[in-house]
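Accompanying notes for the structure given below.
Quick note: the coordinates plus some simple rules give every number you see, no bench work behind them. As the structure is a computational prediction, the values presented were derived from the model and not from experiment. Ideal geometry is used to build each Cβ from the backbone, glycine not excepted, and the neighbour counts take in all protein chains shown.
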Amino acid sequence: MIKKILFNPNFIYIFSFIVPFVFYSFQWSTLYPRLGMGLLLFYIFTFLICGILGLVINLIKPFKYTKIKESRTNAIIISIIFALYTFEACYSRNIPLIKLLKGTYEYTTEDSFGIPVIHTFLVSFNTFYTIYLFHQYISLKKGKLFLFFLISIVPFLLLVYRSSILNILLGTLIVYLLGKREISVMLIFKTIIGVIVVLFMFGYLGNLRSGEGDPTYIPRSSGATEEFLSSSIPKEFYWSYLYVASPVANLQNNINYVRKPEGSYSNLILNEFLPGFFTKFFIKQDQKEFNQINPFLNVGTMYVYSFSYLRWKGIIFLFLYFIAIVNLYYFLIQKSDTYKVTGLAILFNIIILANFHNTISYSAASIQLIYPVAFSMIKHQLNKKNNYNKEESIE
């Protein structure tokens, strides 16, 4: 039962979008608005649709895990990736990690490094191939493959791309779980304990960077309730509460303020349905804004801008489009034994992280979906050509 939930994108959507509401129910902050009935009914509607689709898919196309062989081109591809990053470093004349160690690094957008256009593809491909390397490793348990996997993460450390590292860690966790024959109660327990430890450390490290280590600095500056401040709950967990639940709070806040549509269907399609990489060729990219509960809490789930454009019609259309893309991709990638696990890990990443922003319009995330399909097609054509040559030689 657990495996059927884990391997189905529709159930992944339900589970991952319920989690913020669990955190929200703690009511540790006075900044968060009361959730309206409209928003709750919308999410219940999406869960019902996904539940039905999930049950149907489990009947007609259940996922089957397959181990894969080692790719003979791993070293070549990793070398090309590093060569391109080296070229970008020369172009940008800086390496972010070195600037960070010198104290001159600024936490701006990732666009401050690299060659326009090329960098988007390079980062997305690097992420895809790192997850693919991990699938090779757990299939064969070769130390060389694990070393390749670690090497492929190095560029993200040098670029101080925390979001990409998180993306990879989440993707590798998904690949690991997909590869398990059975999801035991003990594995679930260990995973929960691991998540709790990670959440605590996330808050602990956050406190070291903010307020000179004072664990109550961030809670007090972000509207924590007196009940929470006086409770025995470790204040380190407030960081996770803040980041996990704030997107829903921002979405509700935006709903409260947007009384009439502020955009059009073309705005919705160009800005929310398509990757930003393609959109900028059609329209001028302006800085998108919404009604935030706090200046530094700046994410509002994938639905926040679509609500600004067309209110309830906007978020319903985006959900239907999103879930259609997700399920079509699920069926498409199932045809590839070599790349389907990597493709599903990327797909599940996109679903989970849609709690924070629109992962379809975010090019570095959505473009990753292309690589497993493209590599599958190339592999299919090469195999077809090899088989044809063998038949010719026999004749």
Using the Kirkwood radius over Cα pairs of region 226-334, the Stokes-Einstein translational diffusion coefficient at 20 °C and 1.002 mPa s, in µm²/s and rounded to a whole number, is 134 µm²/s
Across region 175-190, in residue order, what do the Karplus-derived ³J(HN,Hα) couplings come to in whole Hz, using 6.51 cos²θ - 1.76 cosθ + 1.60 with θ = phi - 60° and x for Gly and Pro? 4, 4, 5, 4, x, 6, 5, 9, 9, 7, 4, 5, 5, 4, 4, 5
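Over the chain, what is the relative contact order in percent, taking alpha-carbon pairs closer than 8 angstrom and at least six residues apart? Could you put the intermediate results ahead of the total?
Numbers: 430 pairs, mean separation 93.1, N = 395.
Once divided by the residue count of the chain, the mean separation gives 24 percent.
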Greater than 25 Å separation of Cα atoms is the criterion. Which listed pairs, K102/K144; K67/K379; K142/K180, meet it? K102/K144
Would you tally the net charge around P372, using a Cβ to Cβ cut-off of less than 14 Å, leaving P372 out, and scoring K and R as +1, D and E as -1? +2
Using the 10 angstrom Cβ neighbour count as an exposure proxy, how do I168, I370 rank, fewest first? I370, I168
Within the chain, what's the longest run with no chymotrypsin sites (Phe, Trp or Tyr not before Pro) in a DSSP loop and at most 13 other beta-carbon atoms within 10 Å? Give the range, please. 108-280
With θ set to phi - 60° and the Karplus curve 6.51 cos²θ - 1.76 cosθ + 1.60, what are the ³J(HN,Hα) couplings of region 317-323 in order, to the nearest whole Hz, using x for Gly and Pro? 4, 5, 4, 4, 5, 4, 6
Using each residue's phi in region 114-127, evaluate 6.51 cos²θ - 1.76 cosθ + 1.60 at θ = phi - 60° and report the 3J(HN,Hα) Karplus result to the nearest Hz, with x for Gly and Pro. x, 8, x, 6, 4, 5, 4, 5, 5, 5, 5, 5, 4, 5
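Label region 287-359 by shape, choosing from rounded, prolate and oblate, from the square roots a ≥ b ≥ c of the eigenvalues of the Cα gyration tensor; if a/c is under 1.5 it is rounded, and otherwise prolate applies when a/b is larger than b/c, oblate when it is not. Walk me through the intermediate numbers first.
Working: a/c = 4.41, a/b = 1.94, b/c = 2.28.
Because a/c hits 1.5 or more and a/b fails to exceed b/c, region 287-359 counts as oblate.
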Given a cut-off of under 8 Å on Cα pairs at least six residues apart, what relative contact order in percent is computed for region 74-178? 31 percent
Which whole-percent values make up P(r) of region 74-178 when all C-alpha to C-alpha distances are grouped in 10 Å steps starting at zero? 14, 46, 30, 10, 0
Once both axes come from the Cα atoms, what is the angle between helix 74-92 and the longest principal axis of the chain, in degrees from 0 to 90, rounded to 10? 50 degrees
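In whole angstrom, how long is each semi-axis of the equivalent ellipsoid of region 315-389, when you take the square root of 5 times every eigenvalue of its Cα gyration tensor and sort them from largest down? Could the numbers behind the result be given before it?
Numbers: eigenvalues 164, 26, 19 Å².
Over the Cα atoms of region 315-389, the ellipsoid semi-axes are 29, 11, 10 Å.
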Interchain or sequence-distant (5+) residues whose placed amide H lies within less than 5 Å of the amide H of S29 are T225
Measure nothing fancy, just the Cα-based angle from helix 340-353's long axis to the longest principal axis of the chain, in degrees from 0 to 90, nearest 10. 10 degrees
Residue among F356, T30, F11 farthest towards the positive dipole end of the chain, charges placed on Cβ: F11
The chain - Rg and Dmax from Cα coordinates, angstrom: 22.3, 84
